[in-house]
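The values are calculated or read from the model by the stated rules, or taken from the named source; none is laboratory data. Predicted model, so just to flag it, every value in this text is computed and none were measured. Cβ coordinates were reconstructed from backbone atoms using ideal geometry, including for glycine residues, and neighbour counts include every protein chain displayed. Heads up: the accessible areas ignore ligands, DNA and RNA and are worked out on the full protein's heavy atoms, side chains in. Shrake-Rupley method; radii C 1.70, N 1.55, O 1.52, S 1.80 Å.
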Amino acid sequence: MVIKVYIATSSGSTSIKKQQQDVMGFLSANKIEFEECDIAANEDNRKWMRENVPEEARPTAGNPLPPQIFNQDRYCGNYEAFFDAREDNIVYAFLGLTAPPGSKEADALAKREQQ
C-alpha cells in the first residue's frame, strides 16, 4: 500500500505550502512511506486527483486544493481531515494502515478492545 500525497510544488499560497509540509513532515517523522504527486508539474496527477476526490469532499466552488491524501486509489481526506485524525491519534486508521505496536494509536485501540 502506498500513501500518495497530492501537492503543488509551485503554489503561491503560503497556507497550502505549510499544510503540505505539515502532512509530509508528519509522515516522514513517523516513517510512513509515501509518494509525492505534484499537480503543478504533472497534468495527469492534477487530473487524477480532481477526478478521484469524492463529491462530498469537494469545495462548493472550484476544484479541490492540495494537499489531498490517498491510500493507493482510496481517498483518505484533505488537510483538515488529516489534522483532525492527528489530533485524535487516529492517523493510521485515517490512512487505512495498521498502527505499529507501541504507538499512541495502537495503545488506544488496545484499551478500547479491553473494555
Handout entry: Selected residue [touching a helix residue (DSSP H, G or I) at 6+ places or on another chain (Cβ under 7 Å), open to solvent by less than 40 Å² (accessible area, probe 1.4 Å), modelled with pLDDT of 95 or more and not hydroxyl-bearing (Ser, Thr, Tyr)] from Val91, Val53
Key = Val91
Practice task
Exactly one condition in (1) outside any strand (DSSP E or B); (2) under 21 Å from Leu109 (Cβ atoms) is not met by Cys76; state its number.
Solution key: (1)
Completion exercise
Taking region 59-75 and keeping residues closer than 22 Å to Lys17 by Cβ and touching a Lys or Arg at 6+ places or on another chain (Cβ under 9 Å) leaves Asn63, Pro64, Gln68, Ile69, Phe70
Exercise for the section: Considering only region 94-110, state which residues are on the phi < 0 side of the Ramachandran plot and either β-branched (Val, Ile, Thr) or modelled with pLDDT under 95 (or both). Expected result: Thr98, Ala99, Pro100, Pro101, Ser103, Lys104, Glu105, Ala106, Asp107, Ala108, Leu109, Ala110
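Could you say which residue among Asp22, Asp38 is under 16 Å from Tyr79 (Cβ atoms), acidic (Asp, Glu), open to solvent by less than 70 Å² (accessible area, probe 1.4 Å) and out of contact with any Cys (no Cβ under 7 Å at 6 or more places or on another chain)? It would help to see each step written out before you state the result.
Values: Asp38 fails: under 16 Å from Tyr79 (Cβ atoms).
The conditions single out Asp22.
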Fill in the blank from the handout: If we ask which residues in region 3-17 are free of Cβ contacts under 8 Å to residues at least 12 places away in the same chain and loosely packed, with under 11 Cβ neighbours inside 10 Å, their number turns out to be 3
Handout entry: Unmet requirement for Lys47, which otherwise passes all of (1) touching a Cys at 6+ places or on another chain (Cβ under 9 Å); (2) on the phi < 0 side of the Ramachandran plot
Key = (1)
Practice task
Could you grab the pairs with beta carbons closer than 7 Å, sequence gap of 6+ or different chains, first residue in region 60-89 and touching a residue at least 60 places away in the same chain (Cβ under 8 Å), second one among the charged types (D, E, K, R)?
Solution key: Phe70/Lys4
